[in-house]
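Trainee: Take this structure, written in structure tokens, and hold onto it; I'll ask about it next.
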Amino acid sequence: MVDKSGTSPRNDLHIDPRLESGWKAALAEEFSKPYFIQIKAYLLEEKRNGQAVYPPAAAIFKAFDAAPFDSVRVVILGQDPYHGPGQAHGLSFSVPEGVGHPPSLRNIFKEVRDDTGAPIPVSGNLEGWARQGVLLLNAVLTVRANQAASHTKIGWMNFTDAAIQQLSEGRYGIVFLLWGKFAQQKRALIDETKHLVLQSVHPSPLSASSGFFGCRHFSKANEYLVERGQQPIDWNLSGLEPVLRG
């Protein structure tokens with residue numbers, strides 16, 4: 001297929017997955033399925049129409065590259081990327097360096113602080129968690145600028161459901177953190193004889209006080225990992241940087 005400019009969609013989109021090798025093997029069959037071809041065509045059409053889409057194309061699959069398949073120990077599932085300029089960078093709930101904490105992320109950091117004692121960091125970049133095997137996966141990997149949930153029905157959930165199923169079937173002893181009704185719908189994909197599922201309300205300001213605060217998911221996840229001979233996740237992202245105490 002060639003567009004009117006003579007450029008193939010494959011080269012124009014730059015979204016062909018160059019995934020970490022473990023994920024690429026696990027998801028190999030998905031890339032040639034009709035729904036995935038449809039996703040690419042849809043995103044190409046968005047580009048032709050001048051529609052801004054987040055995150056940048058190079059970061060669409062960042063969650064998979066940041067947490068290799070064989071290294072995943074915790075999964076935090078989001079719905080779709082942030083739809084404001086400069087916020088989305090391919091990891092659920094995370095924002096790039098220098099971007100203010102969105103409300104849900106602010107509440108996540110508060111619960112981490114209250115649960116583990118880790119101070120609230122200045123940066124909202126969660127790559128430090130991803131490097132330890134925390135898969136920060138949005139169920140939908142792209143979004144139109146300023147239009148939340150605008151790409152929910154273009155096919156991405158087929159792809160991310162397959163990723164969850166591959167982890168459930170191919171790995172053992174992963175902690176799945178399901179916050180809110182949307183994430184909890186994915187529980188049926190997880191073999192709970194092999195993995196731990198922890199769920200609560202969403203960390204949004206609309207619901208956090210109804211069960212997210214005090215859920216202690218971060219320490220519970222570590223307890224489960226340690227019981228199985230794994231290293232706990234260091235939830236403290238601050239390191240030596242200044243921290244926010246509020």
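Trainee: Just need the relative contact order of the chain here, percent rounded to a whole number, with Cα pairs under 8 Å and 6+ apart.
Mentor: Computed over the chain, the figure is 22 percent.
Trainee: Still on this structure, I have one more. Which FRET efficiency value, to the nearest 0.05, is calculated for residue 216 and residue 192 with the Förster distance at 25 angstrom and r the Cβ-Cβ distance?
Mentor: It comes to 0.85.
Trainee: Moving to a separate point now. How long is the range 123-246 along each principal axis, judged by its Cα atoms, biggest number first, in Å?
Mentor: 41, 37, 29
Trainee: Please name which of 230, 128, 87 has its Cα lying farthest along the dipole of the chain towards the positive end, using unit charges on Cβ (Lys, Arg +1; Asp, Glu -1) and the Cα centre as origin.
Mentor: Of the options given, the answer is 87.
Trainee: Antiparallel DSSP bridges in the chain: what percent, to the nearest 5? Walk me through the numbers before you get to the answer.
Mentor: Working: 5 of 18 bridges.
The antiparallel fraction comes to roughly 30 percent.
Trainee: Sticking with this one: Any idea how far apart residue 37 and residue 51 come out in nm if each label point goes 7 Å out from Cα toward Cβ?
Mentor: It works out to 2.1 nm between the two label points.
Trainee: Using modelled backbone amide H atoms (1.01 Å from N, in-plane), which distant-in-sequence or interchain residues come within less than 5 Å of residue 143's amide H?
Mentor: For residue 143, the qualifying residues are 54.
Trainee: Round to a whole angstrom and tell me the spacing of the C-alpha centers of the range 196-215 and the range 56-99.
Mentor: Taking the Cα centre of each part, the range 196-215 and the range 56-99 sit 20 Å apart.
Trainee: Mind pulling the angle between the C-alpha long axis of helix 103-116 and the longest principal axis of the chain? Nearest 10 degrees, somewhere in 0 to 90.
Mentor: That helix lies at roughly 30 degrees to the long axis.
Trainee: What number, in nm² with one decimal, is the all-direction average of the projected area of the convex hull of the alpha-carbon atoms of the range 59-198?
Mentor: That works out to 8.1 nm², a quarter of the Cα hull's surface.
Trainee: Report in % the part of the accessible area of the chain that belongs to carbon and sulfur, leaving out ligands and nucleic acids; probe 1.4 Å.
Mentor: So the carbon and sulfur contribution to the accessible surface is 51 percent.
Trainee: Could you give the accessible area per residue of the chain, probe 1.4 Å, as a whole number in Å²? Please list the in-between numbers first.
Mentor: On the way: 11390 Å² over 246 residues.
That works out to 46 Å² for each residue.
Trainee: Under a Cβ-only charge scheme (Lys and Arg +1, Asp and Glu -1), can you give me the dipole magnitude of the chain about the Cα centre, in debye to the nearest 20?
Mentor: Values: 25 positive and 24 negative charges, 76 e Å.
For the chain, the charge dipole is close to 360 debye.
The values are calculated or read from the model by the stated rules, or taken from the named source; none is laboratory data. Nothing here was measured: the structure is a model prediction, and the numbers come from that model. For neighbour counting, all protein chains shown are included, and Cβ atoms are generated from backbone atoms with ideal geometry for every residue, glycine included. Just the protein is used for accessible areas: all its heavy atoms, side chains included, with ligands, DNA and RNA removed. Shrake-Rupley method; radii C 1.70, N 1.55, O 1.52, S 1.80 Å.
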